[in-house]
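Taking it in order: structure first as structure tokens, then the write-up.
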Amino acid sequence: MSPVSPSDKAGAGGEDHQPEPRVGAAPEDPPTFRPYHHPAAGWGAARSVSRVLMRDRELVDGPRAIMRMNHENGGFDCPGCAWPDDIKGLHLDICENGIKHVTWEMTRKRVGREFFAAHSVTELSRWSDFALEDQGRLTEPMVYDPASDHYVPIRWKDAFELFGRTVRELDDPNQAAYYTSGRLGNEATFLYQLMARELGTNNLPDCSNMCHEASGRALQAALGTGKGTADLKDWEAADALFIMGVNAASNAPRMLTALADAYRRGAQIVHINPLVEGAATRTIVPHEFTDMALMKSTRTSTLNLQPRIGGDMALLRGMAKAVFAHSGSDPKALDSEFIDRHTTGFEEYRALCEATSWAQIEEQCGLSRADILKAAQVYRDADRSIFSWCLGVTQHEHGVDTVREIVNLLLLRGNLGREGAGPSPVRGHSNVQGNRTCGIDHRPTDVFLDRLAAACGIQPPRAHGLDTVRTIEAMHRGDVKVFVGMGGNFAMAAPDTPYTFAGLRGCDLTVQVSTKLNRSHLVHGRQALILPCLGRTEKDHQAGGVQSTSVEDSMSMVHLSVGMKRPASPHLLSEPAIVAGLARAALPDSATAWEWYVEDYDRVRDTMAQVLDGFEDFNRRVRLPLGFRIKQPARELVFLTESGRAEFSAAPLPDVRPAPGTLVLGTLRSHDQWNTTIYSDDDRYRGIRNLRTLVFMNRDDMRERGLAEFDPVDIVSTAKDGTTRRLDGYLAIPYDIPRGCAAGYMPEMNVLCAIGDHSTQSDQPIMKHLKVTIDRHARTEAAR
Ligand SMILES: Nc1nc2c(c(=O)[nH]1)N[C@H]1C(S)=C(S)[C@@H](COP(=O)(O)OP(=O)(O)OC[C@H]3O[C@@H](n4cnc5c(=O)[nH]c(N)nc54)[C@H](O)[C@@H]3O)O[C@H]1N2
Ligand SMILES: Nc1nc2c(c(=O)[nH]1)N[C@H]1C(S)=C(S)[C@@H](COP(=O)(O)OP(=O)(O)OC[C@H]3O[C@@H](n4cnc5c(=O)[nH]c(N)nc54)[C@H](O)[C@@H]3O)O[C@H]1N2
Ligand SMILES: [Mo]
């Protein structure tokens, strides 16, 4: 039981891949693992929040700001997850991780010019990711000075001109790529894509390429609407909720309230996840103070199924097979009228289900037929079912097919276009769905481009652009020379860390629009800019007064967000103002009234109303108490597919079993992190303290390798092209996870995900399905 010291664990991400941060504890604090047996949320969450508030010295402002979050009329939208706001206004609609996230942005710490003068980029490159962000908010624009290897101050005007000049000198506008992280408000998003397209490129990679690309592709193909169709009211009316591949207690904690409510009114809640996560047992609903005081918990699950990683499609196929099997004796098992009127491809799908054997299904999902039938029975017994999912379903080679299988199952019983039913993906970033709606798409439709051309008087390019993976590959070929990151932390979030680093370093210019210092500022092009922006909590003053920005949640509700805090520095610009500055410098003769738009975001919204479907009368409707819901054709049973109907798909089951001697590894978030932002080295619901360099393994897989708890191991991944990547000295943790499966934390484990390891169906990196071997750490082995 003697864990190696953290300094022992050399990462394999190249020389500059950091030994990982150990925070929240003194370095000598040993890591511990004690399985968690308490309900989710409750006082553990309250304690964790107060620690964060104290660390960021926000005890006074923090709670006040939190009371203003997610409030109808006049609050700011929580920059945390994309779960919709409480529609009844009954709850104080906040969660532990949302509070941490807001506090993180509101910190009083600052990164000014003195900081950059004191630390060279080479020195900062040795700092941990935690230490970088922990320096606080960026305060003024900075430019990289190669002579001194320091970032030095630059005036906004000169920063814009550096970008403008570099872009104007490109041979081809497609030599630039414009990344978006899903935090960006709708108005800035619209201006950003307008700039890219006016410049002549559709190179708009975004975090969604790594997140729900598979969901969008599948729903678009099956239903002609690339989003979920269920909203919170539907969640309240559903008889059965199937929650697949989402760690809600950590990543969408406000879902806990919906699950607890559903349980109390007798709905069935089936969790499908290789790990039994915090949300899959019980919760103390965090904003119900009486529950908190009495420690009263509510169940959030009626059935937990643990398929193997990648086994979801087989499980869903098994459920469909069971529905068909009953259709002989029970005429109501299938909704034949719905199928006849609204769908196509049914017979082929039925034939495929019948031809898929139970043996094959059991083998692929790793569950017994009896367990699959339990889930099928819940589905058959329910009049109204919702399927909700996140990355556990999408970050796979067959992510698109799996989401289509979810739709297949919904269609069989007509669970679409009526209350309490439908697909309901849980989106990630707070406005990632809005980004797509407002034009961040490397494969825009002609209809969208035609409208953009008409409303904005530009001639947008028609050729498809590059997504995240293709952008990195193009950097390596020298085809992309300018990279703009509109938020996010591209260097750490993207797959194949050393490969991504090399791509960014090969660029002529990298521009990062950010609130905090992160690795993407240190892994830069020959020229580099850091452009600091206002956060969502801050007041955005423009010529036309204080501005608000709109966002769209997971359930297509669009509403306004208004900052309330004094900006972290007087030199910050809003994201729309930064886009306008960049655009004017790159397009000096542009007829677009960039400066005029920034004076008053209502003007941006008026143009958006002409371009975007469902945004008619945008300025008025977005000011309604809860905003408005974007109309979704599929919800009205209008299918904008080729056939004009909802389309069954009939894809054969993939073989997802690990080869002998290998495991399938999924990368996950801990409870105390927000993507690449690490709050602490703890993962409360999984019982972990002071440790991130770990790998969760099944006990029998550990025994087979002669491993005990905390034994150091080396993890070697084999990519599709046969190349290998490794992480050495991680600590093995025995966990309740199916045999042949393993899991550990992103973004550190991106080192293991080769650039070529993306789905052929969507280009989405297969971050939940890495083929690995795990063996005793070579150095300890040698010492034995
Ligand atoms: N606090 C906090 N909130 C967040 C984020 C954060 O980092 N921190 N990130 C935001 C973003 S951008 C996103 S996209 C979401 C991500 O939210 P999640 O999708 O919950 O993120 P992950 O931690 O990657 O967890 C994936 C879940 O899938 C399960 N899983 C792994 N493989 C499989 C599989 O093959 N099948 C099934 N059924 N399940 C599987 C894992 O056990 C885990 O529960 O959260 C958003 N909200
Ligand atoms: N292995 C593995 N890799 C993954 C995943 C995985 O599950 N496994 N998940 C993928 C997913 S789902 C996603 S969404 C991506 C996330 O990828 P990104 O969205 O690129 O990364 P984040 O960590 O969310 O970005 C954090 C940074 O955003 C900046 N920021 C914060 N707030 C603001 C703001 O208001 N404005 C601006 N301009 N900047 C701001 C800060 O500087 C901060 O350092 O990672 C992906 N990578
Ligand atoms: Mo995401």
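The values are calculated or read from the model by the stated rules, or taken from the named source; none is laboratory data. For clarity, every value in this text was computed on a predicted model and none was experimentally measured. Cβ placement follows ideal geometry from the backbone for every residue including glycine, while neighbour counts extend to all protein chains displayed. Heavy atoms of the whole protein, side chains included, go into the accessibility calculation; ligands, DNA and RNA do not. Shrake-Rupley method; radii C 1.70, N 1.55, O 1.52, S 1.80 Å.
Quick check: anything in the range 196-206 within 15 Å of ligand 2 (Cβ to nearest atom), surrounded by 23 or more Cβ atoms within 10 Å (Cβ to Cβ), at pLDDT below 95 and not β-branched (V, I, T)?
Taking every residue of the range 196-206 in turn, none turns out to be within 15 Å of ligand 2 (Cβ to nearest atom), surrounded by 23 or more Cβ atoms within 10 Å (Cβ to Cβ), at pLDDT below 95 and not β-branched (V, I, T).
Sort out for me the helices (runs of 4 or more DSSP H) sitting completely within the range 351-395 that have 2 or more residues that are within 12 Å of ligand 1 (Cβ to nearest atom) and surrounded by fewer than 24 Cβ atoms within 10 Å (Cβ to Cβ).
No helices (runs of 4 or more DSSP H) qualify here.
Residues to consider are T471, T445; find the one that is crowded, with 18+ Cβ neighbours inside 10 Å and of a type in the set (S, T, Y).
So the residue among T471, T445 that is crowded, with 18+ Cβ neighbours inside 10 Å and of a type in the set (S, T, Y) is T471.
Could you pull out the residue among P461, P423, P444 that is touching a Leu at 6+ places or on another chain (Cβ under 9 Å), closer than 30 Å to E337 by Cα, away from ligand 2 (no atom under 16 Å from the Cβ) and in contact (Cβ under 8 Å) with a residue 40 or more places away in the chain?
P423
I need the full set of residues from the range 546-584 which are aliphatic (A, V, I, L, M), without any contact (Cβ under 8 Å) to a residue 60 or more places away in the chain and out of contact with any Cys (no Cβ under 9 Å at 6 or more places or on another chain), in order please.
Once the filter is applied, which keeps residues that are aliphatic (A, V, I, L, M), without any contact (Cβ under 8 Å) to a residue 60 or more places away in the chain and out of contact with any Cys (no Cβ under 9 Å at 6 or more places or on another chain), the range 546-584 yields only V546.
Go through the range 664-693 and count every residue that is under 18 Å from the mean Cα position of the chain (by Cα), more than 8 Å from ligand 1 (Cβ to nearest atom) and of a type in the set (F, W, Y).
Counting residues in the range 664-693 that are under 18 Å from the mean Cα position of the chain (by Cα), more than 8 Å from ligand 1 (Cβ to nearest atom) and of a type in the set (F, W, Y) gives 1.
Would you check which residues across the range 225-256 are of a type in the set (G, A, S) and either in a helix (DSSP H, G or I) or open to solvent by 10 Å² or more (accessible area, probe 1.4 Å) (or both) and list them?
Of everything in the range 225-256, those that are of a type in the set (G, A, S) and either in a helix (DSSP H, G or I) or open to solvent by 10 Å² or more (accessible area, probe 1.4 Å) (or both) turn out to be G226, A237, G245, A248, A249, S250.
So, S680, is that one modelled with pLDDT under 95, in a loop (DSSP other than H, G, I, E, B), within 30 Å of Q135 (Cα to Cα) and of a type in the set (S, T, Y) or not?
When the stated conditions are applied, S680 passes them.
Conditions first: (1) among the aliphatic types (A, V, I, L, M); (2) out of contact with any His (no Cβ under 9 Å at 6 or more places or on another chain); (3) within 22 Å of A237 (Cα to Cα). A376 passes all but one, so which condition is the exception?
(2) is the only condition that A376 fails.
State all residues of the range 81-105 that are under 22 Å from Q547 (Cβ atoms) and either at pLDDT below 75 or open to solvent by 10 Å² or more (accessible area, probe 1.4 Å) (or both); if no residue qualifies, say none.
Listed by number, the list holds a single entry, D85.
Which count do you get for residues in the range 459-468 that are aliphatic (A, V, I, L, M) and surrounded by 20 or more Cβ atoms within 10 Å (Cβ to Cβ)?
1
Quick check on my filter: what residues within the range 144-193 are open to solvent by 30 Å² or more (accessible area, probe 1.4 Å), part of a helix (DSSP H, G or I) and of a type in the set (F, W, Y)?
W156 - this is the single residue of the range 144-193 that is open to solvent by 30 Å² or more (accessible area, probe 1.4 Å), part of a helix (DSSP H, G or I) and of a type in the set (F, W, Y).
Within the group A214, A221, which residue is away from ligand 3 (no atom under 16 Å from the Cβ), in a helix (DSSP H, G or I), among the hydrophobic types (A, V, I, L, M, F, W, C) and at pLDDT 95 or above?
Criteria check complete, one pass: A221.
Suppose we filter the range 477-521 for residues that are away from ligand 2 (no atom under 11 Å from the Cβ), open to solvent by less than 10 Å² (accessible area, probe 1.4 Å) and part of a helix (DSSP H, G or I); how many remain?
3
Closer than 25 Å to P567 by Cβ, within 16 Å of ligand 3 (Cβ to nearest atom) and of a type outside the set (A, V, I, L, M) - does that describe any residue in the range 168-180?
Scanning the range 168-180 turns up at least one residue that is closer than 25 Å to P567 by Cβ, within 16 Å of ligand 3 (Cβ to nearest atom) and of a type outside the set (A, V, I, L, M).
Only residues that are of a type in the set (S, T, Y) and outside any helix (DSSP H, G or I): list them for the range 110-143, please.
Selection gives S120, S128, T139.
Out of the residues in the range 396-420 meeting the condition of being closer than 26 Å to T356 by Cβ, open to solvent by 10 Å² or more (accessible area, probe 1.4 Å) and outside any helix (DSSP H, G or I), tell me which one is nearest to ligand 2 (Cβ to nearest atom).
H396
Could you check the range 687-710 and list, in sequence order, the residues that are within 21 Å of L275 (Cα to Cα), touching a strand residue (DSSP E or B) at 6+ places or on another chain (Cβ under 8 Å) and among the charged types (D, E, K, R)?
Across the range 687-710, the qualifying residues are R689, R692, R699, D701, E709.
Within the range 165-182, can you find the residues that are in contact with a helix residue (DSSP H, G or I) (Cβ under 8 Å, 6 or more places away or on another chain) and either away from ligand 1 (no atom under 16 Å from the Cβ) or basic (K, R) (or both)?
R165, V167, R168, P173, A176, A177, Y178
If only one of A528, A494, A543 is in the same structural domain as K157 (by TED's automatic domain parsing) and within 30 Å of W389 (Cβ to Cβ), which one is it?
A494
Cβ-Cβ under 7 Å, sequence separation 6+ or interchain: first residue in the range 105-126 and under 15 Å from I530 (Cα atoms), partner in a helix (DSSP H, G or I). Which pairs?
From residues that are under 15 Å from I530 (Cα atoms), the pairs are V121/L522; L124/L132; L124/L522.
Yes or no: L587 closer than 30 Å to E161 by Cβ, touching a residue at least 40 places away in the same chain (Cβ under 8 Å) and open to solvent by 20 Å² or more (accessible area, probe 1.4 Å)?
In short, yes.
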